[in-house]
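Visitor: Sharing a structure below in structure tokens format, with a few things to ask.
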Amino acid sequence: MAEGKKILLGICGSIAAYKSILLTRLLLKAGAEVKVVMTPSAKDFVTPLSISTISKNEVLSDLSRNDVWNNHVQLGRWADVMLIAPLSCNTLAKMANGICDNLLLATYLSAVCPVVVAPAMDEDMWLHPSTKANIGKLQAFGNRVIPVEKGELASGLYGDGRMAEPEQIISFLEMNFFFNGELKGQKALVTAGPTHEPLDPVRYIGNHSTGKMGVALARELAQRGAEVELVMGPSQIEIHDPRIRVTRVHSAGEMYNACLEIFPSTRIAVMSAAVADYTPVSFSPEKIKKNSETFTLELSRTKDILRALGEKKKAGQILVGFALENTDETSYARQKLESKNADMIVLNSLKDAGAGFGFDTNQVTIFEKNGAEVPYPKKTKQQVARDIVDRIIKLL
Ligand code: CTP
């Protein structure tokens, strides 16, 4: 959880600097305050204007400006962590040898906080003995190195040297510096996204769920130390978090099978997916043609995953469901708690603006088996996830 943490982000001249924009955005989203220092050549790859707009702070690059000295000592003391991402081969070599010819290097040399680097370079450069030796030197100084990834490189070649994805960098920071391990050793199952019920090879019945709430929950549980199994229906969201194992499914039936297999080994299960309640009775292997004026579809009930897990729940397991209602919200939420043998129901009221599918915000009320009913104001989905996980931890 990067809430309230001060991150000093150093950006070097590298093609991977484009990822710094997303990295900055995600750090802010995770609750951190971000100040950015760029090397002069980083500005050839990403503009200070973009970065300052995203970070909501002035971007610094020169040792002095308008005859005023930029205080690198203060910057290094301000930060909880200095993160250099991407770290170019050139800056790496300078850091390893105490060279101080720009503001980023001066800040690095005067930083008293932990320093983390995410290198990015071509594979041949990465494998060069001088690079290896420089990385070794940084590690000997106590700096942490986020391993490079294998993949397509700026040269067009394929190999080692890609900078880790922004999400991976953030989870590295969270795991190593901002870790709050209340759920260490616990396994959690989360469902997310919509389901698609196939009609024929080109059509399906679906819904507007994006998976954002479930992914926020998976991240929050991982951040608290849980080993997370995320079973996700069709969603655009990509997960690059090593703490989250993702099983991608399409239909309610596939989601049911995946959940039933995983559930016995979990302590916590949060069913936030918008699972279809009905599925076509038959699947047409041929594309259905429009041969008549009307078309009737026969649907059958899908298996209710939450209910099935409620029936199988053992003492000590915590089961959480969601409810999306627009009438008699409280009584429906309480009924769901009973009928599905859940420990907690998170109610989204469709009457609340900014809550529900597609929004980045949500407004929920949590109902618990023990009678508790806790309303929350509108918050970001990540903050809502934090509230839900706080309540789960209380129940444990
Ligand atoms: N759920 C599930 N499997 C299903 C359907 C729903 O696990 N086949 C879960 C959802 O993930 C959510 C909760 O059940 O946690 C929602 O309950 P549900 O009874 O589906 O809500 P509604 O469809 O709104 O209920 P109803 O139409 O009965 O009011």
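Coordinate-derived values only; no laboratory data. Treat the numbers as computed from the prediction; the structure is a model and nothing was measured. Cβ atoms come from the backbone with ideal geometry, glycine included; neighbour counts cover every protein chain shown.
Visitor: Please check which bits of the range 146-184 a label hung off His240 would reach, taking the label as a point 7 Å along Cα-to-C-beta and the cut-off as backbone N under 14 Å.
Guide: Once the point is set 7 Å along Cα→Cβ of His240, 146-154, 161-173 turn out to lie under 14 Å by backbone N, inside the range 146-184.
Visitor: Tilt of helix 212-223 relative to the longest C-alpha principal axis of the chain, in degrees (0 to 90, nearest 10)?
Guide: For 212-223 against the chain, the angle is about 60 degrees.
Visitor: Taking a point 7 angstrom from the Cα of Leu350 along the C-beta vector, which residues in the range 247-281 have backbone N less than 17 Å away?
Guide: So the set is 274-278.
Visitor: Tell me the label-point distance for the pair Arg203, His250, using the 7 Å Cα-to-Cβ offset, in nm and rounded to one decimal.
Guide: 1.6 nm
Visitor: Using the basic label-point model (7 angstrom from Cα toward the beta carbon), what is the Lys394 to Lys369 distance in nanometres?
Guide: Once both label points are built, they end up 1.6 nm from each other.
Visitor: When the Karplus curve 6.51 cos²θ - 1.76 cosθ + 1.60 is applied with θ = phi - 60°, which whole-Hz ³J(HN,Hα) does each residue of the range 17-23 get, with x for Gly and Pro?
Guide: For the range 17-23, the Karplus curve yields 4, 4, 6, 5, 5, 5, 4 Hz.
Visitor: Distance check, please: which entries in Lys43/Lys212; Lys184/Lys336; Lys56/Lys379; Lys29/Lys313; Lys314/Lys394 exceed 23 angstrom between their Cα atoms? Write out the running numbers ahead of the final one.
Guide: Details: Lys43/Lys212 33 Å; Lys184/Lys336 30 Å; Lys56/Lys379 20 Å; Lys29/Lys313 35 Å; Lys314/Lys394 18 Å.
Too far apart for the 23 Å limit: Lys43/Lys212; Lys184/Lys336; Lys29/Lys313.
Visitor: Now a separate question. At 222 nm, what helix-only mean residue ellipticity would the chain give, in deg cm²/dmol to the nearest 500, using -39500 (n - 2.57) for each DSSP H run of four or more?
Guide: Mean residue ellipticity, 222 nm, calculated: -9500 deg cm²/dmol.
Visitor: Two-decimal Rg/Rh of the chain from alpha-carbon positions, Kirkwood Rh?
Guide: On the way: Rg = 24.5 Å, Rh = 23.3 Å.
My calculation puts Rg/Rh at 1.05.
Visitor: Just to confirm a number: summing +1 for Lys and Arg and -1 for Asp and Glu over residues other than Leu109 whose beta-carbon lies under 15 angstrom from that of Leu109, what do you get? Working shown, then result.
Guide: Details: positive: Arg77, Lys94, Lys137; negative: Asp101.
In short, +2.
Visitor: Would you mind checking the tilt of helix 252-262 against the longest principal axis of the Cα atoms of the chain, expressed as 0 to 90 degrees and rounded to 10?
Guide: Rounded to the nearest ten degrees, it is 70.
Visitor: What is the calculated FRET efficiency for Thr380 to Ala133, with r their C-beta to C-beta distance and R₀ = 35 Å, to the nearest 0.05?
Guide: On the way: r = 44 Å, r/R0 = 1.25.
E(calc), rounded to 0.05, equals 0.20.
Visitor: If you take every DSSP beta bridge whose two residues both sit in the range 6-178, what share of them, in percent to the nearest 5, is antiparallel? Walk me through the intermediate numbers first.
Guide: Details: 6 of 24 bridges.
Antiparallel bridges: around 25 percent, rounded to the nearest 5.
Visitor: Once label points are set 7 Å from the Cα along Cα→Cβ at both Asp44 and Lys184, what is their separation, rounded to one decimal in nm?
Guide: So the label points at Asp44 and Lys184 sit 4.5 nm apart.
Visitor: So, one more: Between 0 and 90 degrees, rounded to the nearest ten: what's the tilt of helix 381-395 against the longest Cα principal axis of the chain?
Guide: Tilt of helix 381-395: around 70 degrees.
Visitor: Write out the chymotrypsin sites (Phe, Trp or Tyr not before Pro) in the range 117-166 meeting two conditions: DSSP loop, and at most 14 other Cβ atoms within 10 Å of their Cβ. Intermediate results must be reported in sequence, preceding the final value.
Guide: Details: sites: Trp126, Phe141, Tyr158; in loops: Phe141.
Here the chymotrypsin sites (Phe, Trp or Tyr not before Pro) that fit, given the DSSP loop and packing criteria, are Phe141.
Visitor: How about Lys132: which aspartates and glutamates have a C-alpha closer than 16 Å to its C-alpha, ignoring those fewer than 8 places off in the same chain?
Guide: Lys132 reaches Asp122, Glu123, Asp124, Glu149, Asp160.
Visitor: In debye, nearest 20: dipole of the range 6-178 around its Cα centre with unit charges on the Cβ of K, R (+) and D, E (-)? Show your work: numbers first, answer last.
Guide: Values: 15 positive and 16 negative charges, 76 e Å.
Here the range 6-178 has a charge dipole of around 360 debye.
Visitor: Loop only by DSSP, 15 or fewer other Cβ within 10 Å of the Cβ. Give me the GluC sites (Glu not before Pro) in the range 1-94 that pass, ordered by residue number.
Guide: On the way: sites: Glu3, Glu33, Glu58; in loops: Glu3, Glu58.
Answer by residue number: Glu3, Glu58.
Visitor: Based on C-alpha coordinates, I'd like the Rg and Dmax of the range 6-178, in Å.
Guide: Rg then Dmax for the range 6-178, in Å: 14.8, 46.
Visitor: How would you order 322-328, 24-30 from highest to lowest mean count of nearby Cβ atoms within 10 Å? Walk me through the numbers on the way to the answer.
Guide: Values: 322-328: 15.6, 24-30: 19.0.
Result, highest mean Cβ count within 10 Å first: 24-30, 322-328.
Visitor: Could you please state, rounded to a whole Å, how far the C-alpha centre of the range 90-133 is from the C-alpha centre of the range 293-307?
Guide: About 58 Å separates the Cα centre of the range 90-133 from the one of the range 293-307.
Visitor: Please figure out what share of the DSSP beta bridges in the chain is antiparallel and state it in percent, rounded to the nearest 5.
Guide: On the way: 22 of 66 bridges.
Just about 35 percent of them are antiparallel.
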